[in-house]
Structure formats: structure tokens, C-alpha cells
Amino acid sequence: MDKKKNMEMVGAVYELVSGFTRTKALNAAASLNIAQHIGENEKKSVNDIAKEIGANSQSLYRLMRALTHMKCFREEDVDEHQQHDQQQHGIFSHTPLSLALRQPEVRNIALMRGGYGQTQGWQNLVETIKTGQSDVNKTLGYPDYWAFLEEHTDEAAIFNNSLASVTNMLTPTLVSLGDYTKFETVVDLGGGLGKLLKGVLKQNANIKNGINFDIPSVIEKNQHEVDVDPRYKDQAGDFFVEVPAADCYVLKSILHDWSDAKCLEIFKTISKSIKPGGKVYVYDYINSLYTKNEKNFTPWNDLHMMVMLNGKERNEWDWQYLAEHSGFKIESVKRPEGQGFAPPLTIFTKQ
Ligand SMILES: C[S@@+](CC[C@H](N)C(=O)[O-])C[C@H]1O[C@@H](n2cnc3c(N)ncnc32)[C@H](O)[C@@H]1O
């Protein structure tokens, strides 16, 4: 490599290895609600923003200047004559990216990904690569991430809201992928705040019961609008122990949280309760068989699942393995149109 190219690569590597600083800067911007304090078409001084959010204006300026570097917020240009006038500096407006940060869904993701649990969980990546096991029992000091969330209620609220707001955004697409017209009872296993199940019920008058099933600490905190569908019910439980009888089980972003052995245990509990002819609707990504064909962020999600949960994003062979060893078969795969980030639907039925 010639010297010039080498210098360029050193710069590129330096920028890439500083990725965590971007995660943390976005997390701080979300925590401080900066994006919400600038109107959509407003130009606002950092001093005014600092006053409103109770921050040090110099530190806030430095944070925002770094964020503008990655096209999150824009610092207004200063004309030649005003360049040496300090008052003229530090006027910020929105970019498409900072506007996105105003949406609760996006803000919640920044809060979750850059928060303590998910960043601390990555501290021993090297160990995980060596052992093939998540190290969160050491990095977080809990047997697994779920146990950590049980005791860290603030982080649990952020996690649940983050998942719920993204699921809420994807619900119309997810519901349209499945045929729910022949089911009486639909159970959403690990349904979190129940957004997807409510969407399913709304579109399918034929369903008599909708059960949103999750661990007690999530179910206890679930709050619903006053006019919640009377067919909707929350139920606390453990999908490794027993699940309610149903003719459709929905699992969205669940199996990717678990190892193959654990997924097979979940299928085993379902198998005991599923009604004849029942179906299992799995909404999870399908990794490309060949890395070079991967267009989405699934390899990064896969790594995150490995580090945090001993889980994985599966490819076709992995899904086939689960089917073959669980006594189920893959009936069909429905892929959403376009390149959005809604996961496909894989439908399992009993062999
Ligand atoms: C990644 S979240 C997915 C939430 C929801 N399905 C969504 O996509 O928005 C995983 C969910 O599984 C739940 N969960 C974890 N272990 C569980 C268990 N043993 N039994 C039931 N739910 C469980 C968690 O509380 C959490 O709500």
C-alpha cells in the first residue's frame, strides 16, 4: 500500500474504532431530548437549548458539533464578517437524521442501545468469541440479560418501550403477512406491551381471544388505553414451562433471543398446548446464507444477540434445523415487500 493510501486507512480505522463514542453521543442526545427542543424548521442557539434542558452550554455545543459531524443536526453557516463574533456561532437546526430522533421509536432505540445494560454487556466480546458463550453473567453480574432487566426497572422500561414502539410501527406490515382469518385464539408469546396482538385483533374480527403472554414483571406494568379490545387479555407466565392453549402462537423477535437448545424447549412447550391444525407464526430475520449477499444489518444484530443473550439471527439452514428437531415443519415464508426492516414471517405447523 502506498503511503497516501496507508494514511487514509489509518484515518478510516481510527474513525471506525471510535464507533462507541457515536453510540454514547446519540444516547446522550436522546436522554437530553435535544431534538425535541428544536422546532422542525427552527434555528436555535445552543445557549437557549442549554437553558431549556438544564445543560452547560459549552459542553452541549461540543456534543452537538460532534453530532453534526455525522449529519445529526446542522450548525448554521456563519458569514465571513461574523466569523469572529462568538454570538453568531452555535445556531443549530435539524437534518433528516435529527428529525428522526424526535420520533419516540427512534429515541427509544438510542436510549436502549447506548444505555448501561447493552453497552456494558459488550465488555467481554473477546471472551464470548473464545468460549462461544455470552459473558453477561460477568459483565452485568446477572445470569442473563432478562434477570438484569428484572432488577433494573428503568432500563426494563426503556427496553420494553423501545421494542413496543418499533413493533407498533411495523405492525400493519407484520399483520398483513399472516392469514389470521381462521383462528379462534391467538397467543403472542413474549408479546411485551401487546402492540402486535392489538393490531392482529383489530384486523381480524373472527378471533375470539387474544392473549398477550410475557414474564410477570412485564405483564404487571402493562397499561392499556381505556377502550382496549375486550378480547385482549394479558397473562403472565414462562414459555419454558407452560403456554395457554391456542390455534395460533405468534413469536416476534423471540427465537433470535435464544440458543437452538432453548428454542427447541419453547417449541416443546408450544407442542403440548397447540390445538390440532394450529400454527406458529415466527417473525424473525432470516440471515443470508452468503455473507457477501447480506444487504441488511442482520450480521450486527446477530452479534448483538450472541453477546447479550446467547441468541442468534438464523439463516435458512438454521431455521430448518429448528423445524426438524422440534417436530414442526416450515409451511411457508412470507417476506415483506421492499427493503424496510420488518422481519419476514415463517409459518410452522406440526409434522
Ligand atoms: C425482544 S422482546 C420482544 C417483545 C415483542 N415480541 C416485540 O417484538 O415487540 C422479548 C420478550 O420476551 C419476553 N420473555 C423473555 N423470557 C420469557 C419467558 N421465559 N416467558 C415469556 N416471555 C419471556 C421478554 O420479557 C420480552 O418482552
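A few remarks follow.
- Taking His152, His94 and counting other C-beta atoms within 10 Å, the order from fewest to most: His152, His94
- Distance from the alpha carbon centroid of the range 205-263 to that of the range 152-191 works out to 9 angstrom.
- Full-extension gain in nm, Gln203 to Thr131, via 0.36 nm per residue minus C-alpha separation: 21.3 nm
- Note on Met64, Met1: ascending count of other Cβ atoms within 10 Å places them as Met1, Met64, the fewest first.
- Of Asn209, Gly191, Ala323, farthest towards positive along the dipole that unit charges on Lys, Arg, Asp, Glu beta carbons give the chain: Ala323
- For Asn293, net neighbour charge (Lys/Arg +1, Asp/Glu -1) across residues whose Cβ lies under 15 Å away: -1
- Percent of Cα-Cα distances greater than 24 Å, calculated over the range 116-350: 45 percent
- MRE, 222 nm, helices only [DSSP H, n ≥ 4, -39500 (n - 2.57), over the chain, to nearest 500]: -14000 deg cm²/dmol
- In degrees, nearest ten, helix 260-273 long axis to first principal axis of the chain (Cα): 50 degrees
- Placing +1 on each Lys and Arg Cβ and -1 on each Asp and Glu Cβ, with no other charges, gives the range 99-217 a dipole about its Cα centre of roughly 460 debye.
- Counting charges near Leu170 (Lys, Arg +1; Asp, Glu -1) among other residues having Cβ under 15 Å from its Cβ returns a value of +2.
- Karplus-derived HN-Hα couplings along the range 36-48 (A = 6.51, B = -1.76, C = 1.60, θ = phi - 60°), whole Hz, x at Gly and Pro: 6, 8, 10, x, 3, 10, 8, 10, 9, 7, 4, 5, 5
- Degrees, to the nearest 10: 57-69 long Cα axis against longest axis of the chain: 70 degrees
- For the chain, built as a Gaussian network whose Cα springs stay under 10 Å, the top-fluctuating residue of Ile129, Ile266, Ile215: Ile129
- Summed side-chain charge close to Phe239 - residues other than Phe239 whose Cβ falls under 14 Å, Lys, Arg +1, Asp, Glu -1: -2
- Semi-axis lengths, Å, the range 3-102, gyration tensor of Cα atoms, sqrt of 5 times eigenvalues: 26, 18, 12
- Over the chain, relative contact order from alpha-carbon pairs under 8 Å, at least 6 apart, %: 12 percent
- Residues Ala100 and Glu184, FRET efficiency given R0 of 41 Å [Cβ-Cβ distance, rounded to 0.05]: 0.55
- Residues with amide H under 5 Å from that of Asp234, placed H, sequence gap 5 or more: Asn212
- In the range 120-226, the GluC sites (Glu not before Pro) that fall in loop regions by DSSP, at most 10 other Cβ within 10 Å: Glu225
- Listed residue (Asn33, Gln118, Ser57) projecting farthest to the positive dipole end of the range 19-130, Cβ model: Gln118
- Its Cα centre serving as origin, the range 1-157 has a Cβ charge dipole (Lys and Arg +1, Asp and Glu -1) of approximately 400 debye.
- Overall, the chain carries a charge dipole of about 600 debye about its Cα centre when +1 sits on the Cβ of Lys and Arg and -1 on the Cβ of Asp and Glu, all other atoms neutral.
- Dipole-positive endmost among Tyr180, Thr139, Gly90 within the chain (Cβ charges, Cα centre): Tyr180
- Extension gain, Asn222 back to Ser273 (0.36 nm per residue minus Cα-Cα distance, nm): 15.9 nm
- The length gained on full extension between Glu316 and Thr291, counted as 0.36 nm times the residue separation minus their Cα-Cα distance, comes to 7.7 nm.
- Helix 298-309 vs. the chain, principal-axis angle (Cα, 0 to 90°, nearest 10): 80 degrees
Each value in this text was obtained by applying a stated rule to the coordinates, not by laboratory testing. Quantities reported herein were computed from a predicted structural model and do not represent experimental measurements. With ideal geometry, Cβ positions are generated from the backbone for all residues, glycine too; neighbour counts draw on all protein chains shown.
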